[in-house]
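> Okay, handing you the structure first.
Here, each number is a calculation from the coordinates, and none is a lab measurement. Note that the structure is predicted; figures quoted are calculated from it, not measured. Every residue, glycine among them, receives a Cβ derived from its backbone with ideal geometry; neighbour counts consider all protein chains shown.
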Amino acid sequence: MKEHNSKPLSDFVEYPESEMLARSDDFYQQIKRRHTIREFSDRPVDQRIIENCIKAAGTAPSGANHQPWHFSAISDASTKSAIRIAAEKEEQAFYAGRGGEEWLNALEALGTDDQKPYLETAPWLISIFAQQKGGVTIEEQNKNYYVRESVGIATGFLINALHHCGLVTLTHTPKPMNFLNEICNRPKTDKAYILLVAGYPADNAQVPDHAMIKKSLSDISTFI
Ligand code: IYR
């Protein structure tokens, strides 16, 4: 490698192999209990929990370590209402035909429609933005690299963190989502990526049968 400033890795933890095996299975058992939920309780969630989860998301790897993401965490009721109104307007057009027949057929098994009450019920909406411009510090306005990949990985970390602390999420993607820029007061160079809904599940929360179908290890992997 070329000369550059660095420090020795100091926080790596090595486990005995038997413990690694147990931990890998334990993680799988925990993460397979994550389900996308569309019925949320209005029970509040302490902001500090959301802050910690966003801090965890912010540790994700990213192109040139530019961390090209911004998380607008919304608990304010009138802002949530404004998001619901704008999202439902897009969803009405989508379900009325803009989505196209094949897409709308694919959603039948999930039972989704243009009504998004959870956008007001859930205690937190986290609007995730992908930044075209930035740098390793907040002041920079350079080109960012692998933006969608980086923000996708950070979003995965965030979903995992929220699940880990006992919350449920919905990865919501009204299309188009540019109304979020104005509501969240973000510059044009920030592109709304996913609107994550987070909170406790409602008492009657359901998981669609369709969502429980997971491909097997041999379906999703090849060992060479
Ligand atoms: N954004 C719409 C439609 C939708 C699209 C996909 I792909 C889904 O997996 C679920 C829903 C909605 O939220 O209803």
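> Placing unit charges on C-beta atoms (Lys and Arg positive, Asp and Glu negative, everything else neutral), compute the dipole magnitude of the chain about its Cα centre in debye, rounded to 20.
Dipole about the Cα centre, nearest 20: 500 debye.
> Here is a further query. Ignoring GluC sites (Glu not before Pro) that are buried or in helix or strand per DSSP, and keeping those with at most 15 other beta carbon atoms within 10 Å, what is the longest stretch of the chain between them?
The reported range is 15-138.
> Please give the length that would be gained between Asp25 and Arg98 if that part of the chain were fully extended, namely 0.36 nm times their separation in residues minus their C-alpha to C-alpha distance (nm, one decimal).
Full extension from Asp25 to Arg98 adds 22.0 nm.
> Compute the relative contact order of the chain as a whole-number percentage, counting only Cα pairs closer than 8 Å that sit 6 or more residues apart in sequence.
Relative contact order, the chain: 31 percent.
> Follow-up question, since we're still on this one. Taking the dipole about the Cα centre of the chain, with the C-beta of Lys and Arg at +1 and of Asp and Glu at -1, give me whichever of Ser24, Gln67, Ser218 is farthest to the positive side.
Gln67
> A further question on this structure: Could you pull out the longest piece of the chain with no exposed loop chymotrypsin sites (Phe, Trp or Tyr not before Pro) in it, calling a site exposed if DSSP puts it outside H, G, I, E, B and it has at most 14 other Cβ atoms within 10 Å?
Result, exposed sites excluded: 13-144.
> Roughly what % of DSSP beta bridges within the chain run antiparallel, to the nearest 5?
So the antiparallel bridges in the chain amount to around 95 percent.
> How many angstrom lie between the C-alpha centres of region 181-224 and region 1-58?
If we compute the Cα centre of each part, the gap is 16 Å.
> Among Thr155, Thr36, Thr137, which one moves the most in a GNM of the chain with springs linking Cα atoms closer than 10 Å?
Most flexible of the set in this elastic network: Thr137.
> Please give the direction-averaged projected area of the C-alpha convex hull for region 1-134, in square nanometres with one decimal.
13.9 nm²
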